Amino acid sequence: MTEDGRHACAGNEEKLSNGMLEFDREQYLDGRASDPGRLCWMQGAPPPADKSITFESDAFLQFPKIRWSLSHMRELAATLNVWRGPGEPSHLERHDRTVEIDALTFIDMMERPRRFDEALIDTYTDGILVLHRGRIVYERYFGALASHLPHACNSVTKSYAGTLTATLVAEGVLDDSKTIPHYLPELRGTAWDDATLRQVMDMQTGLLYTELYAEPTSDVWDYARAAGWRPRNERSSKTSADYLRSIKKAGIHGETFSYKSVNTEVMAWVAARVTGRSFVQLLSELLWAPLGCEQDGYVIVDSVGMPMAGAGLSATLRDLARFGELMRREGQWNGKQLIPACVVHDLQKDAPLKFPLMGLNYSYRSQWWVTHNELDAIEARGIHGQRLYIAPKAEMVIARFASHPMASAAFSDPITMPQMFALGQMLSR
């Protein structure tokens with residue numbers, strides 16, 4: 001390593017050949033070998049062609065480039081700033097328990113014993129912060145991430161959008177029993193013609209749309225190109241709104257849970273239409289500034305500036321943890337009720353539709369994953385390993401960013417889920 005802690009580039013790559021992990025019968029560099037500093041991504045003035053990462057190449061989400069990209073999305077895609085406001089950052093007290101937490105052992109879902117710190121490397125963690133009773137007890141950064149850098153939240157963004165929308169419902173600004181065309185007449189005749197806002201918020205819609213991240217031809221990538229998350233091609237809709245207007249119905253709304261990111265875009269569009277404020281403005285005014293976030297966030301936008309509410313937010317780890325702590329405190333922050341307590345209480349209600357996830361009985365409410373486990377944990381989840389885990393009975397919040405080579409959580413959950421639960425049990429003692 002160089003004197004300032006960065007990895008020297010010369011001659012590194014041949015030393016990495018032994019560090020491999022296998023997923024879905026494919027081999028990938030492991031968490032250490034794929035460190036973006038070691039691989040020298042975007043280093044040099046300018047970077048060599050084989051070390052450059054560009055939006056136009058449409059390869060920035062490919063592994064191992066993604067290990068750099070998720071900490072630098074503003075340098076790749078068009079974004080809109082989420083202003084933190086003029087005030088001072090809110091104070092987060094510290095009570096360091098790093099040594100104790102690193103040494104925590106647990107059994108993963110494959111019945112393998114693991115140490116907490118080693119599991120972070122094996123799941124390609126970029127950063128993790130743990131709050132216990134509102135104090136930082138653990139904070140670590142890896143790869144390209146640092147405390148001041150926003151990292152892509154991916155679908156954790158949905159839980160921000162869902163919380164804002166649920167707040168507007170609780171305050172009477174929105175009526176979740178109304179159908180979508182009541183608010184958005186331009187979606188008459190589309191998949192959402194007879195869908196209620198509540199069905200959209202809870203992902204209980206029947207859409208002719210696929211969300212399979214491992215399939216290059218899946219509809220999710222057409223949505224991504226329209227939203228500005230990937231470069232447009234000759235087939236792409238010009239804007240997110242154009243793409244949403246093209247989706248047709250398949251099935252009956254309200255019968256089953258079916259995770260479709262386009263629902264979040266419709267939900268956020270409704271909130272923007274009724275309030276006259278975009279998703280980014282609502283984030284800034286209702287969450288970022290009142291929480292005293294340390295850094296501005298930013299959100300990917302389409303060609304006409306519509307924010308991508310389904311996956312476009314980037315935030316720092318500490319600011320993500322602040323949002324988690326707000327939810328743990330049932331909407332209260334520094335003596336003020338920023339969001340109604342009923343918004344948080346509603347998440348834990350007995351859901352009529354439950355589904356298995358990694359052997360547990362989950363439900364989905366207002367764009368949050370609800371575990372119904374012994375810790376009463378709720379989760380915000382995003383592809384490639386993003387997670388906000390809020391466990392009220394352990395008085396714990398875990399904010400985690402990662403750049404796992406596989407989009408699906410099925411490859412990291414067998415480690416991450418028991419890891420988080422074990423930490424909650426430890427902190428509860």
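Here, each number is a calculation from the coordinates, and none is a lab measurement. As the structure is a prediction and not an experimental result, all values here were calculated from the model. Because the Cβ atoms are built from the backbone with ideal geometry, glycine has one as well, and the counts that use them run over all protein chains shown.
To the nearest 20 debye, what charge dipole does the chain have about its Cα centre, counting +1 at the Cβ of each Lys and Arg and -1 at the Cβ of each Asp and Glu?
Numbers: 46 positive and 54 negative charges, 115 e Å.
The dipole of the chain has a size of about 560 debye.
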Compute the length gained on full extension between Asp50 and Glu75: take 0.36 nm times their separation in residues and subtract their Cα-Cα distance, giving the result in nm to one decimal.
7.2 nm
Spin-label pair Asn233/Asp193, simplified geometry with 7 Å Cα→Cβ offset, distance in nm
3.0
Could you check the spin-label model distance between Thr98 and Glu215? Points 7 Å from the Cα along Cα→Cβ, value in nm.
4.5
Note down the net charge around Asp222, summing +1 for each Lys or Arg and -1 for each Asp or Glu among other residues with Cβ under 15 Å from its Cβ.
0
Hey, of (1) 24.8, 83; (2) 27.1, 105; (3) 20.9, 62, which did the structure itself give for Rg and Dmax of the Cα atoms in Å when calculated?
(3)
State, to one decimal in nm, how far the label point of Arg135 lies from the label point of Gln281, with both points 7 Å from Cα in the Cβ direction.
4.2
Mind checking the full-extension length gain between Phe23 and Met358? Use 0.36 nm per residue of separation minus the Cα-Cα distance, one decimal, nm.
118.9 nm
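Could you give the length gained on full extension between Asp376 and Ala59, defined as 0.36 nm per residue of separation minus the Cα-Cα distance, in nm?
Values: separation 317, 0.36 × 317 = 114.12 nm, distance 3.89 nm.
Here the segment from Asp376 to Ala59 would lengthen by 110.2 nm.
Between beta-carbons, use under 13 Å as the cut-off and find the net charge around Arg133, counting Lys and Arg +1, Asp and Glu -1. Provide the component values of the computation, followed by the final result.
Details: positive: Arg94, Arg97, Arg135, Arg328, Arg329, Lys393; negative: Glu93, Glu325, Glu395.
Combined, the nearby Lys, Arg, Asp and Glu give +3.
If you keep only loop residues by DSSP, which GluC sites (Glu not before Pro) in the stretch 42-103 have at most 12 other Cβ atoms within 10 Å of their Cβ? Kindly include the intermediate steps, with their values, before the conclusion.
Values: sites: Glu56, Glu75, Glu93, Glu100; in loops: Glu56, Glu93.
Here the GluC sites (Glu not before Pro) that fit, given the DSSP loop and packing criteria, are Glu56, Glu93.
Which loop-located GluC sites (Glu not before Pro) does the stretch 104-186 contain, where loop means any DSSP state but H, G, I, E or B and the Cβ has at most 14 other Cβ atoms within 10 Å?
Details: sites: Glu111, Glu118, Glu139, Glu171, Glu186; in loops: Glu111, Glu171.
Loop-located and lightly packed - Glu111, Glu171.
Please say if the stretch 314-368 is rounded, prolate or oblate, where rounded means a/c under 1.5 for a ≥ b ≥ c the square roots of the C-alpha gyration tensor eigenvalues, and otherwise the choice is prolate for a/b larger than b/c and oblate otherwise? Each step should come with its number before you reach the end.
Values: a/c = 3.16, a/b = 1.55, b/c = 2.05.
The shape class here is oblate.
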Under 27 Å between alpha carbons, and skipping anything fewer than 8 positions from Lys336 in its own chain: which lysines qualify?
Lys158, Lys349, Lys393
Coarse-grained scattering of the stretch 257-369 at q = 0.15 Å⁻¹, given as base-10 log I(q)/I(0) from a Debye sum over alpha-carbon atoms
-0.80
